[in-house]
Amino acid sequence: MTREDGRKNDQIRQIKITRDYLKHPDGSVLIEAGDTRIICSAIVQEGVPNHKKGSGEGWVTAEYSMIPGSTTERAQRETHSRVKGRTHEIQRLVGRALRAIVDLKLLDGFTVLIDADVIQADGGTRTAAITGAFVALYDAFSKIRKAGKIDKMPIKEFIAATSVGIVSGKKLIDLTYVEDSSADMDMNIVMTESGKFIEVQGTAEHEPFSKGDLDELLDLGTKGIKEIIVLQHKTLGVKK
């Protein structure tokens, strides 16, 4: 099939990550994945939530939102007292994904607040949020380490995410909104640089899919995530 943006079935969208996008956070990026654009920031604060007090560990948590002009129809602005189920699910996903690659013991006494604000959506916002938030998190840790607040980088390894799916019988990676909305099944994959899965979210929208389909999609996602992690390394100037 010919994809609307001319990509091959196994080709991720062009991704651009701009660091230090905001002045005030400890780390911030603008990530652009095709027409999806998200501002990701990381702010480090002293203190930990109640459930981590006395544990000898720090904490990483995330919030996710879509600004009103990010979609074709105005997205309703959300507040802490009125968060949609989808939003709650995504911000928990982002937080879980990042905590999986952070040594929380090296972060003892600190909480990192991640914000992922979608300013333009065209599919794959949750996966782009994870990919961009990691870079912001890395920069935040580098900043507080340089300031002498922590002794070592708490990052265990790099992490990135992408989407895959079956559209009109074809297996595709990094789905746009049009592709995602017409997919027979779609799946989000979060993976570490060493190839370990952190999260796999797959749903059949119409017909059930086979184990063979699942294996092929996981291979397709793995290929794309490896490419994204190479980009993260280049963006951060960190050798693999």
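What follows draws every value from the coordinates through simple rules; no lab data is involved. Being a predicted model, the structure only gives us computed values, none of them experimental. Reconstructed Cβ throughout: ideal geometry from the backbone, glycine too, with neighbour counts over all protein chains shown.
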>> Give the aspartates and glutamates reachable from Lys152 as a straight Cα distance under 12 Å; neighbours fewer than 8 places away on the same chain don't count.
In response: Asp103, Asp108
> Under a point spin-label approximation (7 Å from Cα along Cα-to-Cβ), what is the Lys196-Asp117 distance to one decimal in nm?
Replying inline: 3.4 nm
>> How would the stretch 26-72 be classified by its alpha-carbon gyration tensor: rounded, prolate or oblate, with rounded meaning a/c under 1.5 and the a/b versus b/c comparison settling the rest?
In response: prolate
>> Out of the trypsin sites (Lys or Arg not before Pro) in the stretch 145-188, which ones are loop residues according to DSSP with at most 12 other C-beta atoms within 10 Å?
In response: Lys152
> Quick one: length gained pulling Arg74 to His88 fully straight, 0.36 nm per residue minus the C-alpha distance?
Replying inline: 3.1 nm
> Kyte-Doolittle mean at least -0.5 and Cα extent at least 24 Å along the axis: which DSSP H helices of the chain qualify?
Replying inline: 125-146, 211-236
> Rule-of-thumb check for the stretch 56-192: C-alpha Rg over 2.2 N^0.38 Å?
Replying inline: 1.17
> Given charges of +1 on the Cβ of Lys and Arg and -1 on the Cβ of Asp and Glu, with all other atoms neutral, how large is the dipole of the chain about its Cα centre, in debye to the nearest 20?
Replying inline: 940 debye
> In the structure displayed, which of Lys105/Lys143; Lys8/Lys223; Lys196/Lys240; Lys8/Lys196; Lys105/Lys156 lie more than 20 Å apart, Cα to Cα?
Replying inline: Lys8/Lys196
>> At 37 °C and a viscosity of 0.692 mPa s, what translational diffusion coefficient does Stokes-Einstein give for the stretch 1-57, taking Rh as the Kirkwood radius over Cα pairs? Give it in µm²/s as a whole number.
In response: 224 µm²/s
> For the chain, modelled as a Gaussian network with Cα springs under 10 Å, which listed residue fluctuates most, Val29, Val167, Val190?
Replying inline: Val167
>> Let me make sure I get this right: for the stretch 171-240, a, b and c are the square roots of the gyration tensor eigenvalues over alpha carbons, sorted descending. Under 1.5 in a/c it's rounded, otherwise prolate if a/b > b/c, else oblate. Which is it?
In response: prolate
>> Given the -39500 (n - 2.57) contribution per DSSP H run of 4+ residues, what per-residue ellipticity at 222 nm results for the chain, rounded to the nearest 500 deg cm²/dmol?
In response: -9500 deg cm²/dmol
>> I need the shape label for the stretch 1-135. Rule: rounded when a/c is under 1.5, else prolate if a/b > b/c, else oblate, with a, b, c from the alpha carbon gyration tensor.
In response: prolate
> What distance in nm separates the simple spin-label points at Lys234 and Asp215, each placed 7 Å from Cα in the Cβ direction?
Replying inline: 3.3 nm
> Stretch Lys156-Lys226 to full length: gain in nm at 0.36 nm per residue minus the Cα-Cα span?
Replying inline: 23.6 nm
